[in-house]
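Since every read-out is calculated from the coordinates, none of them should be taken as a lab result. For clarity, every value in this text was computed on a predicted model and none was experimentally measured. Cβ coordinates were reconstructed from backbone atoms using ideal geometry, including for glycine residues, and neighbour counts include every protein chain displayed.
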Amino acid sequence: MKITIKKNGPYMVSGNVPLYTIETDISDDGFPVSYINKKPVKTGPNYALCRCGKSKNKPFCDGTHINAEFDGTEVAKEDIFSTSLQNLETEDFKLMDAPALCDHTRFCRHAGGIRELLNKGDDESIAIAKEEAKNCPSGRLTLIDHKDNSTTESEFEKEINLIYDNGMKTDGPIWVKGGIPVESDNGKKYELRNRVTLCRCGQSKNKPFCDGSHWASEEFQSKFRAKWNL
Ligand code: FES
């Protein structure tokens, strides 16, 4: 199984990678808490997923990127996770945080946010914080419990999920699960990671990864990049 990124074109998915649609379930405070409505999408053994956001046959590429003169230039570093890590240590936990990977799906904002929950430290808050880290689709967040060294990383089947963001009422990123290699046409190999979110609206400033541009304004993105020094 492999995903190859075509220059200014689609993601070529090979090796019978199962494809699903999935939605975020939104809590009363407006932030997601789980995934719902996972449904399979019929594909052949190899398929091309639209990366420019302009296909009339989404999620598949229909060649529109050519006339649209899509600029799919990849700017993210191969080792974006390891080089952007900013860990938060508490007495009981380590929160591994790679902000450069944020896709703004916002699981970590529920119930006051993951940092506040860790600061509170009661059992209920910690249980919610663990769920938030586990559900983060991009893999930006991982929580490690010092007590037993357990991690919130899930054991995923190798598959691709197309996220629909029920909070923002818009399509979200392509969620690549289980450690499927992602490579560029030119041979650039991205870190093999258990959770990866790829841009499918064509607007990300962090291609090939999603940066939330499918709903977040340019102003929001600039502030976020400045805050995290990205
Ligand atoms: S990448 Fe081909 S139509 Fe979008």
> Looking at the range 154-197, which GluC sites (Glu not before Pro) are DSSP coil and have at most 11 other C-beta atoms within 10 Å of their C-beta?
Replying inline: E155, E157
>> Could you tell me how far the Cα centroid of the range 106-146 sits from the Cα centroid of the range 55-101, in Å?
In response: 21 Å
> Full extension from N8 to E116: what is 0.36 nm times the residue separation minus their Cα-Cα distance, to one decimal in nm?
Replying inline: 34.8 nm
> In degrees, nearest 10, range 0 to 90: what is the angle between the Cα axis of helix 218-227 and the longest Cα principal axis of the chain?
Replying inline: 50 degrees
> In nm, to one decimal, how far is the S154 label point from the T170 one, both placed 7 Å along Cα→Cβ?
Replying inline: 2.4 nm
> Can you pull out the GluC sites (Glu not before Pro) in the range 27-135 that DSSP calls coil and that have at most 13 other Cβ atoms within 10 Å?
Replying inline: E69, E91
> Using alpha carbons only, how many degrees (0 to 90, rounded to 10) separate the axis of helix 123-135 from the longest principal axis of the chain?
Replying inline: 10 degrees
> How far apart, in nm, are two points set 7 Å out from the Cα along the Cα-to-Cβ line at K205 and at T73?
Replying inline: 1.4 nm
> What is the spin-label model distance, in nm, from D29 to D145 if the labels are put 7 Å beyond Cα along the C-beta direction?
Replying inline: 2.1 nm
> In deg cm²/dmol, rounded to 500, what helix-only [θ] at 222 nm does the chain give when every DSSP H run of at least 4 residues adds -39500 (n - 2.57) and the total is split over its residues?
Replying inline: -4500 deg cm²/dmol
> Which of the trypsin sites (Lys or Arg not before Pro) found in the range 150-227 are loop residues per DSSP with 12 or fewer other Cβ atoms within 10 Å of their Cβ?
Replying inline: K169
>> Could you give the length gained by full extension between N87 and K188, i.e. 0.36 nm per residue of separation minus their alpha carbon distance, to one decimal place?
In response: 33.7 nm
